[in-house]
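Since the structure comes first, as structure tokens, the remarks are kept for the end.
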Amino acid sequence: MRVPWPGVAAGVLVLALGAAGLVRAAVPESSAAPAHSTPGQLAVTGAYVREPVPPTQVAAGYFTVRNGTNRPDVLEGVSTGAGLSAQLHVMDRSGAMHAMTGGVTVPAHGDFVLTTGQSHLMISQLVAPLHVGDHVNIDLDFRTAGTVDVVAPVIAVGAPAPTASAPAASAPMPAMSGAHS
Ligand SMILES: [Cu+2]
């Protein structure tokens, strides 16, 4: 099934990273736009969500941002219809997880990679069970590139990530029960 957009489902399912001014309605900008391209040659590829293992109420999403432009861009907010909140959890060099509240800068000609077992999009308070074969809408709000709407397939625990930039058949993310914040 297709997870409904939050504006339709409940109205308050949007979480932006940090400032209240970043919160915006999670309505698809244009269903005609290609999912993986956006003006300015900033692209989001390889999006997927791991099938959550019941009874957890959270799921982890992953994607790669490739900024092909000549200037940095900032991922300011993320929202999804799949859960009541969505937050970027970024692993630092020591392996500790941090919730990103001030946005994530993607350098000019650089990447920002979320990959299984490491940094992830944590989707909390799922509005419906997610199963392999479902698709999750994720809105990524960039300061310069604007909103990029991606559709992430739900894949099985242990299944290879649908992108060459992520390790195949890696372990499910540890500690998804709220052990980090
Ligand atoms: Cu997390």
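One table, with the values for the structure above:
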| item | result |
| --- | --- |
| Restricting segment 120-149 to residues that are open to solvent by less than 50 Å² (accessible area, probe 1.4 Å), of a type in the set (A, V, I, L, M, F, W, C) and more than 16 Å from the ligand (Cβ to nearest atom), the residue that is nearest to Pro54 (Cα to Cα) | Ala128 |
| Residues (in contact (Cβ under 8 Å) with a residue 24 or more places away in the chain, farther than 16 Å from Gln41 by Cα and not in a loop (DSSP other than H, G, I, E, B)) located in segment 96-105 | Met97, Ala99, Val104 |
| Cβ-Cβ under 7 Å pairs, at least 6 apart or on other chains, segment 53-71 side in contact (Cβ under 8 Å) with a residue 60 or more places away in the chain and away from the ligand (no atom under 16 Å from the Cβ), far side of a type in the set (S, T, N, Q) and assigned to a loop (DSSP other than H, G, I, E, B) | Thr64/Thr163; Thr64/Ser165; Thr69/Gln41 |
| Some residue of segment 72-95 being in a strand (DSSP E or B) and in contact with a helix residue (DSSP H, G or I) (Cβ under 6 Å, 6 or more places away or on another chain) | yes |
| Residue that is within 18 Å of Pro153 (Cα to Cα) and open to solvent by 10 Å² or more (accessible area, probe 1.4 Å), where the choices are Thr69, Thr64, Thr80, Thr45 | Thr45 |
| In segment 75-95, residue nearest to the ligand (Cβ to nearest atom) [restricted to those that are in contact (Cβ under 8 Å) with a residue 24 or more places away in the chain and touching a His at 6+ places or on another chain (Cβ under 9 Å)] | His89 |
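The values are calculated or read from the model by the stated rules, or taken from the named source; none is laboratory data. Predicted model only: the values in this text are computed from it and were never measured. Every residue, glycine among them, receives a Cβ derived from its backbone with ideal geometry; neighbour counts consider all protein chains shown. To get the accessible areas, we keep the full protein, side chains included, count just its heavy atoms, and leave off ligands, DNA and RNA. Shrake-Rupley method; radii C 1.70, N 1.55, O 1.52, S 1.80 Å.
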